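**Q** Starting off with a structure, shown below.
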């Protein structure tokens, strides 16, 4: 079928629970084998973590996101397709316990996402991804999600980074691609770094082209849409 398969699903309703709601403080999935022996013809995407599209309830309270995600050593049997990771649509709306910040040279994260040795789904369409950090409708504050993403031994990973506040690292992950769905230019007050190369910040605006070239030399693909967004910051 074409349904959605998830390992962990967190789907709170848009409702006033009278207490703070979130997805746990730390989430770990390790040494997982997903066996499709009973459904080898399944072509439904398999997500390791499925969360709601909103980060703020309509009455104003904000969800919290784990300060650490660890996905390690995950494989698939009896199906040709691997897994996808997580789609975080509105990072600015989350309210973390820890503060996050950036100083133009470095991001100080309040969320670390570690993905290690994962059998990812191959040959995704251009508008699909394994992991997305969206932009969200609200402005950032120090409790918004400031993610540090670390991928290792994850071949052909495809990330959509719509946010202007993120650090990402690719280690032994050949064929990885960074794309975006975001419209318009990146915010001049944001901070984006990939493998330690600062692609976008208020204090390092002139180094983006050099950093892009360095990443491409390392085998990390930046789509035209993503490069255009970095170069047309506002």
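The values are calculated or read from the model by the stated rules, or taken from the named source; none is laboratory data. This is a predicted model, so every value here is computed, not measured. Note that each Cβ is placed from the backbone with ideal geometry, even for glycine, and that neighbours are counted across all protein chains shown.
**Q** Testing residue 141 on (1) at pLDDT 95 or above; (2) over 14 Å from residue 86 (Cβ atoms), one condition comes back false. Which one is that?
**A** Here residue 141 meets the rest and fails (1).
**Q** Say whether the condition of being over 20 Å from residue 113 (Cα atoms), more than 15 Å from the chain's Cα centre (by Cα) and at pLDDT below 90 is met by at least one residue in the range 158-181. Spell out the reasoning first.
**A** As a first pass, look at the range 158-181 and keep what is over 20 Å from residue 113 (Cα atoms): 181.
Among the residues that remain, those that are also more than 15 Å from the chain's Cα centre (by Cα) are: none.
Among the residues of the range 158-181, not one is over 20 Å from residue 113 (Cα atoms), more than 15 Å from the chain's Cα centre (by Cα) and at pLDDT below 90, which makes the answer no.
**Q** Here is a further query. With respect to the numbered conditions (1) within 20 Å of residue 98 (Cα to Cα); (2) surrounded by 18 or more Cβ atoms within 10 Å (Cβ to Cβ), which one is the sole condition not fulfilled by residue 48?
**A** Just one mismatch for residue 48, condition (1).
**Q** Another question, if that's okay. Give the residue, chosen from 2, 31, that is surrounded by fewer than 16 Cβ atoms within 10 Å (Cβ to Cβ), over 16 Å from the mean Cα position of the chain (by Cα) and either under 25 Å from residue 98 (Cα atoms) or modelled with pLDDT of 95 or more (or both). Working first, answer last.
**A** Numbers: 2 fails: either under 25 Å from residue 98 (Cα atoms) or modelled with pLDDT of 95 or more (or both).
Only one candidate passes the filter, namely 31.
**Q** Kindly provide the set of residues from the range 18-39 that are over 30 Å from residue 78 (Cα atoms) and without any contact (Cβ under 8 Å) to a residue 12 or more places away in the chain, ordered by number.
**A** The answer is 18, 19.
**Q** State all residues of the range 153-180 that are part of a strand (DSSP E or B) and under 13 Å from residue 133 (Cα atoms); if no residue qualifies, say none.
**A** Filtering the range 153-180 down to residues part of a strand (DSSP E or B) leaves 158-161, 165-171, 177-179.
Selection gives 158, 159, 160, 161, 165, 166, 167, 168, 178, 179.
**Q** Then there's this: Residue check: is residue 43 part of a loop (DSSP other than H, G, I, E, B) and surrounded by fewer than 17 Cβ atoms within 10 Å (Cβ to Cβ)? Break it down stepwise before answering.
**A** Details: part of a loop (DSSP other than H, G, I, E, B): yes; surrounded by fewer than 17 Cβ atoms within 10 Å (Cβ to Cβ): yes.
For residue 43, the condition - part of a loop (DSSP other than H, G, I, E, B) and surrounded by fewer than 17 Cβ atoms within 10 Å (Cβ to Cβ) - is met.
**Q** Restricting attention to strands (runs of 3 or more DSSP E) lying wholly within the range 55-152, give those where 2 or more residues are touching a residue at least 40 places away in the same chain (Cβ under 8 Å) and surrounded by fewer than 19 Cβ atoms within 10 Å (Cβ to Cβ).
**A** Working: elements: 68-77, 86-88, 111-118, 131-133, 147-152.
In the range 55-152, 68-77, 111-118 are the strands (runs of 3 or more DSSP E) which contain 2 or more residues that are touching a residue at least 40 places away in the same chain (Cβ under 8 Å) and surrounded by fewer than 19 Cβ atoms within 10 Å (Cβ to Cβ).
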